[in-house]
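Below is one structure; the comments refer to it alone.
The values are calculated or read from the model by the stated rules, or taken from the named source; none is laboratory data. The shown structure was predicted, so the numbers you read here are calculated from the model rather than taken from an experiment. Heads up, the Cβs are rebuilt from the backbone with ideal geometry, glycines too, and the neighbour counts pull from every protein chain shown.
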Amino acid sequence: MQTRQETVLVTGGASGIGLSVTRGLLQEGWKVLAADISQEALDAAAEALACDRVRCVRMDVCDEKQISDALAANDDFGPLAGLVSSAGIGKEVSFFDTDAALMRRMLEVNLIGTFNVAKQAALRMRERGQGSIVNIASVSGIRGNVDRTAYGASKGGVITMTRVMAVELAEFGIRVNVVAPGPVNTPLVAKMHSAASREVWTRMLPQRRYAEPQELSGTIDWLLDERRSSYVTGQLICVDGGFTAGGILRN
């Protein structure tokens, strides 16, 4: 393992996919700023990780000033080389039961929140002329999955925004890619997926199972590593057990 002096910011870094990504990056030798809105989750993560190469910082991705202030307060930790935007919310709600308030909240956190953090991170990466941003979307931003009008719209927006960012930021040496997970065993998914929904998802997956959070780490590590993915930008990579490739499956 090569010990690095650069830092990766991971939003939603104290639970679920974000926490697993944080663990994986530490194992790969990165320094990590694990950011989360929940102080309780941050305290638990700090205790569990117990490493001087990680800092747990409170961050609301909807608050631009808080993001900027948190990054400025940790400039001494090492230059910002990567960002993994994992913070997000989700809810299963049918189209007719979706109201404008839910739509706005989902877009505010999942899409605008991703934008807010990416902009602040990219401003710092631009100064160095290099960096890698990995946005976390969902297969529900690609396919018309039921009960996901708001969630799917927000994640579809993340995918399109990623492609635009990749085109605009390439001249500054910043690569931007998006990972779209299928169903993953996280606290968010445990709340979001009903028993009936979980049965349907499992039946539609060629691998017939939900992923564990750590199964995303390899793809994300690779996208962050300039040595291994320097010519990869603007790409959507599905880590989904074959869901988006599937058609008619055997019973």
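For region 95-109, the condition of being surrounded by 19 or more Cβ atoms within 10 Å (Cβ to Cβ) and closer than 30 Å to S197 by Cα holds for at least one residue. Is it the case that some residue within region 22-45 is more than 25 Å from E127 (Cα to Cα), assigned to a helix (DSSP H, G or I) and basic (K, R)? Scanning region 22-45 turns up at least one residue that is more than 25 Å from E127 (Cα to Cα), assigned to a helix (DSSP H, G or I) and basic (K, R).
Looking only at residues in region 29-63 that are more than 18 Å from the chain's Cα centre (by Cα) and among the acidic types (D, E), which one is surrounded by the most Cβ atoms within 10 Å (Cβ to Cβ)? Here the answer is D43.
Of the numbered criteria (1) without any contact (Cβ under 8 Å) to a residue 60 or more places away in the chain; (2) touching an Asp or Glu at 6+ places or on another chain (Cβ under 7 Å); (3) within 25 Å of R55 (Cα to Cα), the one P79 fails is (1).
Comparison of T114, T186 shows that the only residue that is modelled with pLDDT under 95, touching a helix residue (DSSP H, G or I) at 6+ places or on another chain (Cβ under 6 Å) and closer than 23 Å to W222 by Cβ is T186. Under 20 Å from V146 (Cβ atoms) and either touching a residue at least 60 places away in the same chain (Cβ under 8 Å) or aliphatic (A, V, I, L, M) (or both): does that describe L236? In short, no. Within region 178-200, being part of a loop (DSSP other than H, G, I, E, B) and closer than 16 Å to E215 by Cα holds for G182, P183, N185, T186.
Which of the residues belonging to region 1-21 are part of a helix (DSSP H, G or I) and either within 20 Å of Q130 (Cα to Cα) or among the β-branched types (V, I, T) (or both)? Spell out how you get there, then give the answer.
So the first thing to find is which residues in region 1-21 are part of a helix (DSSP H, G or I), and the list is 16-21.
If the condition is that a residue be part of a helix (DSSP H, G or I) and either within 20 Å of Q130 (Cα to Cα) or among the β-branched types (V, I, T) (or both), then I17, V21 are the ones that fit.
So in region 48-75, with the set limited to residues that are among the charged types (D, E, K, R), at pLDDT 95 or above and part of a helix (DSSP H, G or I), which one is nearest to V134 (Cα to Cα)? Taking the candidates together, the pick is E64.
Of all residues in region 222-241, those satisfying the criterion of being touching a Gly at 6+ places or on another chain (Cβ under 8 Å) and in a loop (DSSP other than H, G, I, E, B) are D240, G241.
From the list M165, M161, exactly one residue is closer than 30 Å to A100 by Cα, modelled with pLDDT of 95 or more and either among the basic types (K, R) or under 15 Å from the mean Cα position of the chain (by Cα) (or both). Which is it? Please lay out each step first, then the result.
Numbers: M165 fails: either among the basic types (K, R) or under 15 Å from the mean Cα position of the chain (by Cα) (or both).
Going through M165, M161 in turn, just one is closer than 30 Å to A100 by Cα, modelled with pLDDT of 95 or more and either among the basic types (K, R) or under 15 Å from the mean Cα position of the chain (by Cα) (or both): M161.
Scanning region 5-16 for residues that are out of contact with any Asp or Glu (no Cβ under 8 Å at 6 or more places or on another chain), modelled with pLDDT under 95 and not acidic (D, E), we see that the one that is farthest from N116 (Cα to Cα) is Q5. Filter region 201-219 down to the residues that are of a type outside the set (S, T, N, Q), touching a helix residue (DSSP H, G or I) at 6+ places or on another chain (Cβ under 9 Å) and not in a helix (DSSP H, G or I) and list them by number. Listed by number, the residues that qualify are L205, P206, R208, R209, Y210, E212. Scanning region 25-52 for residues that are under 19 Å from P79 (Cα atoms) and small (G, A, S) gives G29, A34, A35.
If you go through region 136-177 and keep only what is closer than 18 Å to T202 by Cα, in a helix (DSSP H, G or I) and in contact (Cβ under 8 Å) with a residue 40 or more places away in the chain, you end up with just V139.
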